[in-house]
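Just so it is clear, none of the values below were taken in a lab; they were calculated from the coordinates. The structure presented is a predicted model; accordingly, all values stated were derived computationally and were not measured. Cβ atoms come from the backbone with ideal geometry, glycine included; neighbour counts cover every protein chain shown.
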Amino acid sequence: MTSTRAAGIPGTTTVVLVRHALPVSGVTRDPGLSPEGEAQARRAGHWLRWESPAGVLASPYRRAAETAEWIAKACDLAVELDDDLREWNAPRPQQYITPEMLGSSERGRAFAEGRFAEFVPPHDRAELRARMTNAVRRAVQRWLGATVVLVSHGGAINSLMSAVLSVPETFFFNPGYTSLCRIQVMADGRMVPVTVNETGHLVATRTHR
């Protein structure tokens with residue numbers, strides 16, 4: 001599909017941040033998508049193709065890269081991996097467990113009760129925010145004035161959006177699987193928030209822009 005320039009102010013680039021789809025849990029430290037996750041990623045792709053994105057970038061973690069593949073396929077694009085879109089640099093467990101399956105553990109209770117600051121493992125917040133910001137700025141430089149899709153992780157997207165919104169907490173919302181967050185990057189480099197945690201594509205069918 002051919003790319004179109006972002007609607008609105010000339011020179012404005014629309015960046016769509018996508019959390020990865022639901023992965024398999026408890027199998028490996030770098031799991032691929034579950035069958036439900038593949039269905040979520042397909043729906044995200046069918047939704048986003050109406051926006052004719054010019055590029056699709058993804059974290060190298062399998063759950064993000066596979067999500068991006070479904071989106072890119074729907075948009076007739078190829079996926080490019082960007083290491084800066086990966087999740088926080090906290091130690092990675094031998095088996096990836098989705099937050100919803102942490103159960104009655106301390107982190108699981110914190111997540112279930114919305115105490116996200118206690119759920120997030122210790123990590124370098126400034127480093128994560130800088131990585132995500134750099135990834136966005138590189139994408140904007142390549143596809144100035146167009147729409148670009150970046151597939152990443154819940155914590156990484158939270159970190160970037162907290163900076164864009166000037167929210168003090170690093171993890172301030174619970175992103176749905178394949179949820180969309182949109183920012184517009186102005187010609188002078190300013191990042192302006194548009195939406196947070198869109199999930200309409202999981203229940204609706206889109207037939208126009």
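One table, with the values for the structure above:
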quantity: Length added when fully stretched, residue 106-residue 28, from 0.36 nm per residue minus Cα-Cα; calculated: 25.9 nm
quantity: Viscosity 1.002 mPa s, temperature 20 °C, Stokes-Einstein D of the chain from Kirkwood C-alpha radius, µm²/s; calculated: 125 µm²/s
quantity: Computed magnitude of the charge dipole of the chain (debye, nearest 20; Cβ of K, R +1, Cβ of D, E -1); calculated: 380 debye
quantity: Between helix 154-165 and the chain: long-axis angle, C-alpha atoms, 0 to 90°, nearest 10; calculated: 60 degrees
quantity: Mean ellipticity per residue at 222 nm, deg cm²/dmol - from DSSP H runs of n ≥ 4 across the chain, formula -39500 (n - 2.57); calculated: -10000 deg cm²/dmol
quantity: Net charge over other residues, Cβ less than 13 angstrom from the Cβ of residue 109 (K, R count +1; D, E count -1); calculated: -2
quantity: Relative contact order (%) - criterion: Cα under 8 Å, at least six apart; region: the chain; calculated: 32 percent
quantity: Neighbour-count order for 70, 50, fewest beta carbons within 10 angstrom listed first; calculated: 50, 70
quantity: Degrees separating the helix 62-74 axis from the principal Cα axis of the chain, which is the longest one; calculated: 30 degrees
quantity: Top of 72, 54, 117 by mean-square fluctuation, Gaussian network on the chain, Cα under 10 Å; calculated: 117
quantity: Charge context of residue 135, other residues only, Cβ under 12 angstrom, K/R +1, D/E -1; calculated: +2
quantity: With Cα atoms, 0 to 90° folded angle of helix 35-48 axis to the chain main axis; calculated: 20 degrees
quantity: Computed P(r) (all Cα pairs; region 23-112; 10 Å bins; percent); calculated: 17, 40, 31, 12, 1
quantity: Packing-based order for 118-130, 140-152, using average beta carbon neighbours within 10 Å, highest first; calculated: 140-152, 118-130
quantity: Residue 98 long-range amide H proximity, modeled H, under 5 Å; calculated: 26
quantity: Part-to-part distance (alpha-carbon centres) for region 81-126 and region 133-184, which is given in Å; calculated: 17 Å
quantity: Amide H contacts of residue 22 (H built 1.01 Å from N, under 5 Å, at least 5 apart or other chain); calculated: 37
quantity: The chain: antiparallel DSSP beta bridges as a percent of all, rounded to 5; calculated: 50 percent
quantity: Rounded if a/c under 1.5, otherwise prolate or oblate - region 100-209, Cα gyration tensor axes; calculated: oblate
quantity: Cβ-based charge dipole, region 107-209, positive-most Cα from 183, 144, 201; calculated: 144
quantity: Burial ranking of peptide ranges 157-169, 180-192 (average Cβ count within 10 Å, highest at the top); calculated: 157-169, 180-192
quantity: For region 105-117, Karplus couplings with θ = phi - 60° (6.51, -1.76, 1.60), whole Hz, Gly/Pro x; calculated: 5, 4, 5, x, 5, 4, 5, 4, 9, x, 8, 5, 4
quantity: Sequence of 52, 104 once ranked by neighbouring C-beta atoms within 10 Å, starting from the fewest; calculated: 104, 52
